[in-house]
Amino acid sequence: MSGAPRLTRDDVAAVARLARIDLSDEELDRFAIQLAAVVEHAAQVASLDTASVPPTAHPLPLRNVLRDDEVRPSLPRDEVLAQAPDVEAGRFRVPRILGEAP
């Protein structure tokens with residue numbers, strides 16, 4: 001590994017104990033290898049020279065793409081309400097949240 005401390009099976013067991021996770025011997029061996037790879041990658045990232053990289057919240061430039069609000073024709077209310085299963089006072093009638101039948 002490149003400068004990162006070597007993780008042992010006991011290290012993984014200690015982390016699992018802190019997280020209150022019961023791991024089998026096979027899982028301890030497998031996770032020791034996987035966790036070591038994660039720690040090594042983190043060490044590689046930490047070793048990068050980022051002094052000339054400005055802080056940023058997002059790697060790509062962002063811009064809002066908005067369209068103008070324009071009045072456009074929509075479906076006639078009577079036509080839409082005619083297709084609804086239940087209508088009341090010119091509006092859709094829906095069941096109450098508390099379980100009223102439609």
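The values are calculated or read from the model by the stated rules, or taken from the named source; none is laboratory data. Remember, it's a predicted structure, so these values are computed and weren't measured experimentally. Heads up, the Cβs are rebuilt from the backbone with ideal geometry, glycines too, and the neighbour counts pull from every protein chain shown.
Pick from Ala57, Ala51, Ala37: which is modelled with pLDDT under 90 and small (Gly, Ala, Ser)? Don't jump to the end; show me each part of the working.
On the way: Ala51 fails: modelled with pLDDT under 90; Ala37 fails: modelled with pLDDT under 90.
Answer to the check: Ala57.
Determine if segment 76-96 includes at least one residue that is touching a Leu at 6+ places or on another chain (Cβ under 9 Å) and of a type in the set (D, E, K, R). Steps first, answer last, please.
Let us first name the residues in segment 76-96 that are touching a Leu at 6+ places or on another chain (Cβ under 9 Å), namely 87, 90-92.
Okay, now just the ones that are also of a type in the set (D, E, K, R), so 91.
Yes, segment 76-96 contains a residue that is touching a Leu at 6+ places or on another chain (Cβ under 9 Å) and of a type in the set (D, E, K, R).
Contact map, segment 33-62: residues that are closer than 30 Å to Val12 by Cβ paired with residues that are among the acidic types (Asp, Glu) and surrounded by 10 or more Cβ atoms within 10 Å (Cβ to Cβ), Cβ distance under 8 Å, separation 6+ or inter-chain. Pairs shown: Leu35/Asp11.
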